[in-house]
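Working notes for the structure below.
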Amino acid sequence: MRTKTLIVRTALKLFLQKGFYNVSMSMIAAEMRISKPAIYYHFQNKDAMVEGVLDYFTDKMGAWSKEYYSGLKSGKDFIERMFQAIPIYKDVETVLLDDTVGNYPYSYNDLLTILSKYKPEFRARIAQDQVHARQVLEQHIQKAKDENLLRPELQPSKLAILIHTIVEGSAFICELDPNLNANIVSNAMYQILWKLIKK
């Protein structure tokens, strides 16, 4: 794995362990047992490190999504698979760090919330990733409509917002409430929604 990627993964892990504001460039260097100049060679400051973390998320989740959603034959299959991903989105750190959940006091969602308030450009970048996810979903909803599976009056753009909100919101609620089983929630949400939108 390239040094730059290792630095980003270390920074992300420390953000999740100690909280964004409590992590310094020196701390990242110490964790990796490399010099501070070696960190600054790749990232000139903490803001550049954040950009690296956001890029890493986009690339890592893009590769994961390509594999997770591969081989699906219909728009309906994509929608169903998206709901099945709620437990994964709940514990997205397992995808990002190829690690088990439970070691981090902060979640990636916590980090995104902090970053979106930290600087407007980070908020815009995070929003851009969300918009892209909805655009992909909208394409699959349109495919389901073209397959004559959905009620004709439904608008793919608005339905994409609804589904995206349900999936992301369900993952977040399951993350907060240990009494909720994400697998059960994902199946229930899908069954309810499909009854409402199918033709």
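The values are calculated or read from the model by the stated rules, or taken from the named source; none is laboratory data. None of the values given here were measured: they were computed from a predicted structure. Methodologically, a virtual Cβ is constructed for each residue, glycine included, from the backbone with ideal geometry; neighbour enumeration extends over all protein chains shown. Side chains are part of the model used for accessible areas, which takes the heavy atoms of the whole protein and leaves out ligands, DNA and RNA. Shrake-Rupley method; radii C 1.70, N 1.55, O 1.52, S 1.80 Å.
Under 15 Å from the Cβ of LYS73, count the other residues' Cβ atoms, weight Lys and Arg +1, Asp and Glu -1, and hand me the total. In short, -1.
Quick one: net charge of TYR21's neighbours, Cβ under 15 Å, K/R +1, D/E -1? Working shown, then result.
Details: positive: LYS18, LYS46, LYS117, LYS119; negative: ASP47, ASP110.
Here the charged neighbours net out to +2.
Of the solvent-accessible surface of the chain, computed with a 1.4 Å probe and all protein chains present, 53% belongs to carbon and sulfur. Looking at the stretch 91-194, the accessible area is 56 square angstrom per residue; that uses a 1.4 Å probe and ignores ligands, DNA and RNA. Using just its DSSP H runs of length 4 or more, each adding -39500 (n - 2.57), the chain gives a mean residue ellipticity at 222 nm of -24000 deg cm²/dmol after division by all residues.
Magnitude of the charge dipole for the stretch 1-111, about its Cα centre and with charges confined to Cβ atoms of Lys, Arg (+1) and Asp, Glu (-1), is about 220 debye.
Helices that extend 27 Å or more along their long axis by alpha-carbon positions and average at least -1.0 on the Kyte-Doolittle scale are, among the DSSP H runs of the chain, 46-68, 156-176. Of all lysines in the structure, those lying under 30 Å Cα to Cα from LYS13, and not within fewer than 8 positions of it along the same chain, are LYS4, LYS36, LYS46, LYS60, LYS66, LYS90, LYS117, LYS119. This model, with +1 at the C-beta of Lys and Arg and -1 at the C-beta of Asp and Glu, gives the chain a dipole about its Cα centre of some 240 debye. If the cut-off is 15 Å between C-alpha atoms, which aspartates and glutamates fall inside it for LYS143, apart from same-chain ones fewer than 8 positions away? List returned: ASP77, GLU80, GLU153.
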